[in-house]
Amino acid sequence: MILGQAEPNGLLVFQQPASMEAIDAQVDDVPRDMECYKDAAGNTYDFAFGMNWSGVIDDARTQKYSAAPLTKVQSHDFGDKLKTAATE
């Protein structure tokens, strides 16, 4: 990379918050519920966002790791499955 023979690239492994208020509003232990920073070009610095010299990365990696932001806390009712596993 130093000699320009390889193009640097990578994806964010976290969300970049838009502000301190976005951090304060985030729910603990709920992934992808934060308002992310948006730059002047309109790029949102969310999980799996990345850039290289050509611009925004849009390849198989971004398709695999990108997901719609959560809009509410989701819970799962395991019901009798937990009771059965505990008694076995």
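Here, each number is a calculation from the coordinates, and none is a lab measurement. Computed from a prediction, not measured in an experiment: that's the story for all the values here.
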Phi to ³J(HN,Hα) by Karplus 6.51 cos²θ - 1.76 cosθ + 1.60 over segment 23-37, Hz, x for Gly, Pro: 5, 5, 7, 5, 7, 4, 6, 10, x, 6, 10, 9, 6, 8, 4
Karplus-derived HN-Hα couplings along segment 40-45 (A = 6.51, B = -1.76, C = 1.60, θ = phi - 60°), whole Hz, x at Gly and Pro: 5, 7, x, 7, 9, 8
